[in-house]
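Colleague: Please find one structure pasted underneath; my questions will follow.
The values are calculated or read from the model by the stated rules, or taken from the named source; none is laboratory data. This structure is a prediction, so every number in the text was calculated from the model and none was measured. Neighbour counts run over all protein chains shown; Cβ positions are idealised from the backbone, glycine included. Protein only, heavy atoms only, side chains kept; ligands, DNA and RNA dropped before computing areas. Shrake-Rupley method; radii C 1.70, N 1.55, O 1.52, S 1.80 Å.
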Amino acid sequence: MALIDTFFARAFKRGTLHVTYADGSTKNFGVPDPDFPDIAIRFTDAGAPGAIVRNPSLGVAEALIDGRVVIDKGDIMGLLALASANNRWEAATGALMPSATARATTWVKRKLDQFNRTRVSRQNVKHHYDIGNDFYDLFLDADRQYSCAYFLDPDNESLEQAQLDKKAHIAAKLALKPGMRVLDIGCGWGGMALYLHRTYGVDVLGITLSEEQIKVANERAAAAGVSDHVKFAFTDYREQTGQFDRIVSVGMFEHVGPPQYRTFFRKCRDLLTDDGVMLVHTIGRAGAPGVTDEFTARYIFPGGYIPALSEIAKGYEGLRYYMTDCEVLRLHYAYTLQAWYDRAVANKDKIVAMYDEKFFRMWTFYLAGSCVSFRYGGMVNYQLQFARNRHALPITRDYMLEEERRLGGQSG
């Protein structure tokens with residue numbers, strides 16, 4: 001009990017955490033603050049505090065999922081926001097770090113998991129993306145954009161509009177022209193590919209390792225009558241052949257793994273024409289390289305890893321093509337994840353009917369934990385543009401802004 005009390009006292013300074021232990025005793029941590037939530041939790045298992053102290057992120061997650069910790073006031077988002085806001089990445093307090101032993105064990109395991117050879121990559125994708133298209137419809141936008149949206153006005157903009165603005169923001173950076181061939185690596189349910197063809201008249205090949213996604217993407221292309229120009233294939237990027245004027249990859253690089261970064265960039269360079277341009281949109285670490293937390297690796301994205309910018313640079317250095325633009329999106333994914341979380345909570349009964357209560361708690365913990373990692377932690381999004389030669393793009397960024405404004409007028 002003393003260890004968990006010390007942990008809570010260090011972790012919660014502003015806002016209040018009311019704790020009821022399994023023996024019925026209670027304690028309060030922190031002080032009331034109008035800018036911080038007021039949360040009450042209750043332990044139903046005397047062993048849960050020890051698991052939390054040893055490895056906070058995994059211990060809290062599993063205790064909540066299994067019902068060994070119950071939230072009596074507030075919700076998972078509020079609890080994680082209270083903890084994260086008190087331990088912002090910029091402050092580097094370290095109050096929520098796992099023990100040294102847990103960190104060492106996790107580091108070794110994650111390094112082994114990140115090799116992501118082709119067969120393993122397919123298994124990892126199936127674990128997350130093939131759990132049911134109807135489930136994703138309960139919290140994503142109508143176009144099933146399962147990546148960071150781009151909010152021009154977070155207080156007044158719908159998720160649907162922000163996802164449309166994201167597609168326009170990316171398209172503007174690709175400098176597309178009618179008739180170009182585009183490769184979409186990690187195409188999801190096909191929304192980006194269909195948008196690029198509809199907007200620019202380009203031919204797009206989308207590739208994915210999700211059987212559920214490829215089925216829906218091909219159905220969407222057929223329903224739109226564009227199957228001759230927008231095609232989708234169940235293919236690993238390492239197996240792709242041909243030449244493309246443009247490559248776009250949104251939310252896929254997180255599944256590549258550091259040992260494969262050089263393979264990824266070398267393959268993409270080979271797939272680009274001499275005047276080719278590539279745009280990679282990925283979650284990234286604002287700080288130094290790290291490891292995937294154990295909850296995410298075990299329950300959500302096996303084999304997944306969020307790269308530091310320095311790690312990405314090591315992937316393409318020496319391959320003789322240019323990084324021509326780099327943009328850092330800081331809070332956009334926090335807004336996106338908040339919208340997903342709100343929609344998932346609103347559809348709790350449907351999600352529980354599809355799976356069960358434990359799955360619902362696991363998924364909302366994932367969404368809430370991801371949200372606060374962008375709102376208070378060290379996660380950002382990188383949009384990285386590459387070109388094979390220095391003349392492939394205009395020498396200023398004005399063309400991006402002009403095209404994005406033009407596309408904004410075509411929203412709908």
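Colleague: Rounded to the nearest whole Å², what accessible area per residue is found for region 234-372 with the 1.4 Å probe?
Modeller: I get 39 Å² per residue for region 234-372.
Colleague: Hey, can you rank 327-333, 397-403 by average C-beta count inside 10 Å, highest first?
Modeller: Numbers: 327-333: 16.6, 397-403: 14.1.
Put in order of decreasing packing, that is 327-333, 397-403.
Colleague: Anything over 30 Å Cα to Cα? Flag those among LYS13/LYS314; LYS167/LYS314; LYS27/LYS358; LYS267/LYS350; LYS267/LYS358, in the order listed.
Modeller: LYS13/LYS314; LYS267/LYS350; LYS267/LYS358
Colleague: Sticking with this structure for a sec: Could you check how much of the accessible area of the chain is carbon and sulfur, as a whole percent, using a 1.4 Å probe?
Modeller: Using a 1.4 Å probe with all protein chains present, the chain comes out at 53 percent carbon and sulfur.
Colleague: Determine the percent antiparallel among the DSSP beta bridges restricted to the chain, to the nearest 5.
Modeller: Values: 26 of 52 bridges.
Of all bridge pairs located within the chain, approximately 50 percent are antiparallel.
Colleague: Between rounded, prolate and oblate, where does the chain land on the alpha carbon gyration tensor, with a ≥ b ≥ c its root eigenvalues, rounded for a/c under 1.5, else prolate if a/b exceeds b/c? Write out the running numbers ahead of the final one.
Modeller: On the way: a/c = 1.93, a/b = 1.78, b/c = 1.08.
Note, shape of the chain comes out prolate.
Colleague: List, largest first, the extents of the alpha carbons of region 306-380 along their principal axes, each in whole Å.
Modeller: On the principal axes, region 306-380 reaches 52, 22, 18 Å in Cα extent.
Colleague: Here's something else I'd like to know. Please give the length that would be gained between ASP38 and ILE395 if that part of the chain were fully extended, namely 0.36 nm times their separation in residues minus their C-alpha to C-alpha distance (nm, one decimal).
Modeller: Result for the pair: 123.4 nm of gain on full extension.
Colleague: Moving on. Can you give the angle from 0 to 90° between the axis of helix 191-200 and the longest principal axis of the chain, with both taken from C-alpha atoms, to the nearest 10?
Modeller: Once rounded, the angle reads 30 degrees.
Colleague: Could I ask something else about it? If contacts are Cα pairs under 8 angstrom and at least 6 residues apart, what is the relative contact order of region 221-347 in percent?
Modeller: In percent, rounded to a whole number, it is 25.
Colleague: I've got another one for you. Measure nothing but the geometry: give the 0 to 90° angle between the long axis through the Cα atoms of 211-223 and the longest principal axis through the Cα atoms of the chain, rounded to 10°.
Modeller: Value to nearest ten degrees: 50.
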